[in-house]
Amino acid sequence: MSDFKSLGIPADLIKSLEELEIRKPTPVQAQSIPYLLEKGFDFVAQAQTGTGKTAAFGLPLLSKINPSKKHIQALILAPTRELAKQIGKALFKFTKYSEQKIFAEVLAGGDKIDLQISKLQRPTHLVIATPGRLYDLLQRKAISLDHVQYLILDEADEMLSMGFKDQIREAIELTKERKATWLFSATFPPVLRDLVKICMAPEPKTVKIDTKNVVNRDIDHRFAVCVKEDKTDFIDEFLNRQGEKRGLIFTRTKDGADILCKQLTARRHSVGVLQGDLTQLERDKVMRAFKKERTQFLVATDVAARGIDVAGLSFVIHHQLPEQIDYYTHRSGRTARAGKKGISLVLIDPREKKRLNEFSRTLGIHFGPA
């Protein structure tokens, strides 16, 4: 299955994909799309962030929507506002050449709920929502899920880790007439396995993408041995060599992100910071400045950076190795998009060489010296 036509994707959607320069299916797309198009029953996919999951479920879903019916036929739940908006934007682009218009609404916190309620009065075929905002709208009786045929849980492990178990279960309860549930997740902790038992048939179709197949081969993975006290100096010198290039710097903690941002700003770098304690208004302001290139670099924590999709980033710096190997794929996947090259640079303490080797073996990548 070397192209989307052979997977069964309709010509109008393929035309949009080609315009977006999406021509070759990723492993998760190749393994998911034929089943979801032809059968579309309960489905589980274990795949990391950045592997093309949105198209894997989005393209079959769009093919199953009936535009002549004016009610909500599908519900996509995503953990963060940024990811929900990213999914909505992608689906909109996929349908550019569709003869019949499919109407989708993104329902997420941080946007005016009254405006969302007003928009839901219009014909709406599918909804992309964060669990918290969906719950708020359900409490106000502003949305009906009675006609939902497909429930999609994207990054399900993240939603559960963020405390949305009750909201997800309510969405499951309110869509009992659905034909299928499609679940995508990077990891499968016990609490997620319990959720699968509740919302799916006993043996759902399952695909698992080998982590060695999910890392973008256009990324140049490098490392530098650097004690904690010297990391800011190292990053400062690296940024000075970048010219007009733009990139992301990941830290493990919110305090670490704030401190590093202040240190780099003091050295006259154009830096923004994205961490979990920011209000939605502050977060939007930071992201707007970064996307519009008013700031050149962005310091971020893993959770705060969920759903970030900024074109043209040349590098990612890891101030520390992430706590989970899955997060390395998510972090490094912010660079080398749309066929471009990028660098992923890890700063490690001398004692972390063994752990770096573990990342290398698990992900099937080679870290060269910086």
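Read-outs: derived from the displayed coordinates by stated rules, not from any lab. Please read these numbers as outputs of a predicted model, since none were measured by experiment. Note that we place each Cβ from the backbone using ideal geometry, even for glycine, and neighbour counts take in every protein chain shown.
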**Study point:** Cβ-defined net charge surrounding VAL28, 11 Å radius [Lys, Arg +1; Asp, Glu -1]
**Key:** +1
Point to revise | Nitroxide proxy distance, nm - points 7 Å out along Cα→Cβ at HIS366 and ARG268 | key: 3.9
Review point. How much length, in nm to one decimal, is gained on full extension between LYS208 and PHE92, taken as 0.36 nm per residue of separation minus their Cα-Cα distance?
Key: 39.0 nm
Review point. What nm value, rounded to one decimal, do you get for the distance between LYS165 and LYS101 when each label is placed 7 Å out toward the C-beta?
Key: 4.3
Exercise for review: Excluding ALA186 itself, calculate the net charge of residues whose Cβ lies under 9 Å from the Cβ of ALA186, where each Lys or Arg counts +1 and each Asp or Glu counts -1.
Suggested key: -4
Point to revise | Label zone at LEU281, where the point sits 7 Å out along the Cα-to-Cβ direction: the stretch 79-123 residues whose backbone N lies under 17 Å | key: 109-114
Exercise for review: Would you mind pulling out the separation of the Cα centroids of the stretch 152-211 and the stretch 224-266, in Å?
Suggested key: 37
Check your understanding: If you plug each phi of the stretch 278-285 into the Karplus form 6.51 cos²θ - 1.76 cosθ + 1.60 with θ = phi - 60°, what whole-Hz ³J(HN,Hα) values come out, in order, with x for Gly and Pro?
Key -> 6, 6, 4, 5, 5, 4, 4, 5
Check your understanding: What is the gain in length, in nm to one decimal, between LYS245 and SER6 on full extension, counting 0.36 nm per residue of separation less the C-alpha to C-alpha distance?
Key -> 82.2 nm
Point to revise | Whole-Hz ³J(HN,Hα) from phi, Karplus 6.51 cos²θ - 1.76 cosθ + 1.60, for the stretch 58-75, glycine and proline x | key: x, 5, x, 5, 4, 6, 9, 6, 9, x, 6, 8, 8, 9, 6, 9, 8, 10
Exercise for review: Would you please give the residues with an amide H less than 5 Å from that of ILE76, counting only those at least 5 places away or on a separate chain, with H modeled from the backbone geometry?
Suggested key: VAL127, ILE128, ALA129, ILE152
Review point. Between the stretch 312-370 and the stretch 1-72, what is the C-alpha centre distance in whole Å?
Key: 29
Check your understanding: How many nm separate the modelled label positions at ASP349 and ARG140, each set 7 Å beyond the Cα in the direction of the Cβ?
Key -> 4.8
Review point. In degrees, nearest 10, range 0 to 90: what is the angle between the Cα axis of helix 231-240 and the longest Cα principal axis of the chain?
Key: 80
Review point. If you take the beta carbon distance between ILE259 and GLN121 as r and set R0 to 35 Å, what does 1/(1 + (r/R0)^6) give as a FRET efficiency, to the nearest 0.05?
Key: 0.15
Revision key, fill the gap. Among PRO369, LEU137, SER270, the residue whose Cα sits farthest towards the positive end of the charge dipole of the chain, when +1 is placed on the Cβ of each Lys and Arg and -1 on the Cβ of each Asp and Glu, is SER270
Check your understanding: Using helices alone, what [θ] at 222 nm do you get for the chain, with -39,500 (n - 2.57) per DSSP H run of 4 or more residues, divided over all residues and rounded to the nearest 500?
Key -> -11500 deg cm²/dmol
Check your understanding: Where both residues lie in the chain, what percent of DSSP beta bridges are antiparallel, nearest 5?
Key -> 0
Check your understanding: What ranking of TYR35, TYR150 emerges when the number of other C-beta atoms within 10 Å of each C-beta is taken as an exposure proxy, fewest first?
Key -> TYR35, TYR150
Practice item. Add +1 for every Lys or Arg and -1 for every Asp or Glu among the other residues with Cβ under 13 Å from the Cβ of LYS292, and state the total. Key: +3
Practice item. Count neighbours as other Cβ atoms within 10 Å of each site's Cβ, and list the trypsin sites (Lys or Arg not before Pro) in the stretch 174-210 that are DSSP loop with at most 11 such neighbours. Key: LYS176
Practice item. For a quick protection proxy, order the peptides 238-248, 67-77 by their average other-Cβ count within 10 Å, most packed first. Key: 67-77, 238-248
Study note, to complete from the structure: Whole-number value, in Å³ per residue, for the convex hull of the alpha carbons of the stretch 4-210 is 113
**Study point:** Mean Cβ neighbour count within 10 Å, used as a protection proxy, ranking 266-276, 314-324 highest first
**Key:** 314-324, 266-276
Practice item. For the chain, find the longest principal axis of its Cα atoms and tell me its angle to the long axis of helix 254-266, 0 to 90°, nearest 10. Key: 50
